[in-house]
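The values are calculated or read from the model by the stated rules, or taken from the named source; none is laboratory data. Bear in mind that the values here come from a model prediction, so they are computed numbers and not experimental data. Positions of Cβ are backbone-derived with ideal geometry, glycine not excepted, and every protein chain shown enters the neighbour counts.
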């Protein structure tokens, strides 16, 4: 790893650069970090220069006390600034929360990117009442994280049903995932939920309808809710497609890393023409 701290989007941001070839920015999910994407980065870096970042509130990046520093626009600007420090257009790959950030960055500044690939990402809740309900739930969970601590929250989070298929990967794997998540800060995670959770996130569906940048939506076939979200998104965009990863759940890149890497690399290759 070549870890560094840079200013991006007004946030002190931990960055890792590895590999060689056309540049790719890689984004982790909620409770993740550069470390949680290392297996995927290793596979992608055989063909590309992979620039992994810690999104605001996570890993080694800044964890401001004010929730406004975690707005989705701030995280999108983080990505856009990192992309701007790389020569030429960059590919963008993001998982779950990182995929939501990728979609926000794409909607904000599509001319910065050569292609985008998201893994199990939600473009946002369109219904105003449903989004308000989710925001209340996210804020309650944020309060609980600060009240009960990081260990309580990580155990609660890893017990969520949509991570159930990961349990077959074994205790050693689950222990390492837990260790990585425990390295996060409760203030950073709580504020991320408050300002950048699905309840607070402005939906990107409409903004993406006219974006011609090639997009691939990768999703585990067992993750049915996100399969449906992916189908809806790619059908609404002019240059998008979906790949389902057999026998994988929400974190398909961890359960089937080789298959996900192939799906991403094929997309990048076609995008480069």
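Of all residues in region 97-131, which are out of contact with any strand residue (DSSP E or B) (no Cβ under 7 Å at 6 or more places or on another chain), touching a residue at least 24 places away in the same chain (Cβ under 8 Å) and not in a helix (DSSP H, G or I)? Those that are out of contact with any strand residue (DSSP E or B) (no Cβ under 7 Å at 6 or more places or on another chain), touching a residue at least 24 places away in the same chain (Cβ under 8 Å) and not in a helix (DSSP H, G or I): 109, 122, 123, 124, 125, 126.
When 26, 5, 12 are screened for being buried (at least 19 other Cβ atoms within 10 Å of the Cβ) and either over 20 Å from residue 104 (Cβ atoms) or in contact (Cβ under 8 Å) with a residue 24 or more places away in the chain (or both), only 26 passes. Considering every residue within region 174-188, establish whether at least one is more than 26 Å from residue 115 (Cβ to Cβ), in contact with a helix residue (DSSP H, G or I) (Cβ under 8 Å, 6 or more places away or on another chain), free of Cβ contacts under 8 Å to residues at least 24 places away in the same chain and surrounded by fewer than 17 Cβ atoms within 10 Å (Cβ to Cβ). Among the residues of region 174-188, at least one is more than 26 Å from residue 115 (Cβ to Cβ), in contact with a helix residue (DSSP H, G or I) (Cβ under 8 Å, 6 or more places away or on another chain), free of Cβ contacts under 8 Å to residues at least 24 places away in the same chain and surrounded by fewer than 17 Cβ atoms within 10 Å (Cβ to Cβ), which makes the answer yes. Screening residue 143 on (1) under 22 Å from residue 208 (Cβ atoms); (2) assigned to a helix (DSSP H, G or I); (3) touching a helix residue (DSSP H, G or I) at 6+ places or on another chain (Cβ under 9 Å) shows it passes everything except condition (1). Applying the criterion of at least 3 residues that are free of Cβ contacts under 8 Å to residues at least 24 places away in the same chain to the helices (runs of 4 or more DSSP H) found wholly in region 197-273 leaves 224-236, 257-272.
Cβ-Cβ contacts under 8 Å between residues 6 or more apart (or on different chains), taken from a first residue in region 139-152 that is in contact (Cβ under 8 Å) with a residue 60 or more places away in the chain to a second residue that is assigned to a helix (DSSP H, G or I) and surrounded by 13 or more Cβ atoms within 10 Å (Cβ to Cβ), are listed as 139/193; 139/194.
Within region 1-24, being in a loop (DSSP other than H, G, I, E, B) and either over 19 Å from residue 66 (Cα atoms) or touching a strand residue (DSSP E or B) at 6+ places or on another chain (Cβ under 9 Å) (or both) holds for 1, 2, 19, 20, 21, 22.
Would it be correct to say that residue 134 is in a helix (DSSP H, G or I), over 20 Å from the mean Cα position of the chain (by Cα) and either closer than 22 Å to residue 261 by Cα or modelled with pLDDT of 95 or more (or both)? No: the conditions fail for residue 134.
When residue 64 is tested against (1) in contact with a helix residue (DSSP H, G or I) (Cβ under 9 Å, 6 or more places away or on another chain); (2) surrounded by fewer than 24 Cβ atoms within 10 Å (Cβ to Cβ); (3) touching a residue at least 60 places away in the same chain (Cβ under 8 Å); (4) not in a loop (DSSP other than H, G, I, E, B), exactly one condition is not met: (4).
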